[in-house]
1. Positive end of the charge dipole of the chain (Lys, Arg +1 and Asp, Glu -1 on Cβ, about the Cα centre): tell me which of Ser117, Gln137, Phe65 has its Cα farthest that way.
2. Charges only on Cβ, +1 for Lys and Arg, -1 for Asp and Glu: so what's the dipole of the range 1-133 about the Cα centre, in debye to the nearest 20?
3. In the set (i) 47, 39, 31; (ii) 59, 39, 32; (iii) 63, 31, 24, which value of Cα extents along the principal axes in Å was calculated from the structure you see?
4. Counting only helical runs of four or more DSSP H residues, what would the 222 nm mean residue ellipticity of the chain come to if each run contributes -39,500 (n - 2.57) and the total is spread over all its residues?
5. What FRET efficiency, computed as 1/(1 + (r/R0)^6) with R0 = 22 Å and r the Cβ-Cβ distance, is obtained for Met59 and Lys36, rounded to the nearest 0.05?
6. If we sort 95-104, 70-79 on the protection proxy, mean other Cβ atoms within 10 Å, highest first, what's the order?
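What follows is calculated from the coordinates using simple rules that are stated; it is not laboratory data. These numbers were taken from a predicted model, which means no experiment stands behind them. Ideal geometry is used to build each Cβ from the backbone, glycine not excepted, and the neighbour counts take in all protein chains shown.
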Amino acid sequence: MNRSDIQMPFDPPYGERAESSPTLKFSEWYGQAKLKEKQDVSAVCLATSTRCGAPSCRMVLLKDFSESGLTFYTNAQSRKGCDIDDNPQAAMCFYWPECGLQIRVEGFVTNLSDTESDAYFNTRPLKSRIGAWASQQSRPLKDRSELMKRIAYYTAKWATGNVERPPYWKGFRIVPDYFEFWGNGAYRIHERHIYYLRDDDWYEAMLQP
């Protein structure tokens, strides 16, 4: 499916061509959150779905963002990894309660290069790199001791600390075509400002709360 064909509650193009990229606004709000929030502002709810549209969501950590998109890393054999392989579309939702701000992002998902995945993997703590080998993410576990044995095995295997990246552990990038910036308002009269992509141009508009 072409994302530009997804039905909106209005007839695109609606609103005006955006004067600036939504990534600039995202960066501004992300910076505000880093100053005010008590929790990790990179924590984000990631929603994926199967080929037939059955959804699931979970928290992940945003690792980078730019005009190219928003990146995160995971085991590609996990449920979210399998979803992405079957249906490379996803959504993210950031919520920062101290700021009263929320950002929703939707778009296609692409794989990062092996070079990019290697570079980030090598910055992770040693135990996290070993854990990436030990955990068969989202697979059934008979008991905790089974996992601890695998951790012990890979701890011994990579005793030198030079841990290679597992081939199934990789980075992903959501290439956005939709942003919604939500600001908390009194009496639930919230502010909603959207950006959506049509024919390589960003449009912006307001939505009713």
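1. In the chain, that residue is Gln137.
2. Numbers: 15 positive and 17 negative charges, 121 e Å.
Rounded to the nearest 20 debye, it is 580 debye.
3. It is the one labelled (ii).
4. On the way: 5 runs with 54 residues, N = 209.
That calculation yields -8000 deg cm²/dmol at 222 nm.
5. Numbers: r = 20 Å, r/R0 = 0.90.
About 0.65, to the nearest 0.05.
6. Values: 95-104: 17.2, 70-79: 19.6.
The densest-packed peptide leads the list: 70-79, 95-104.
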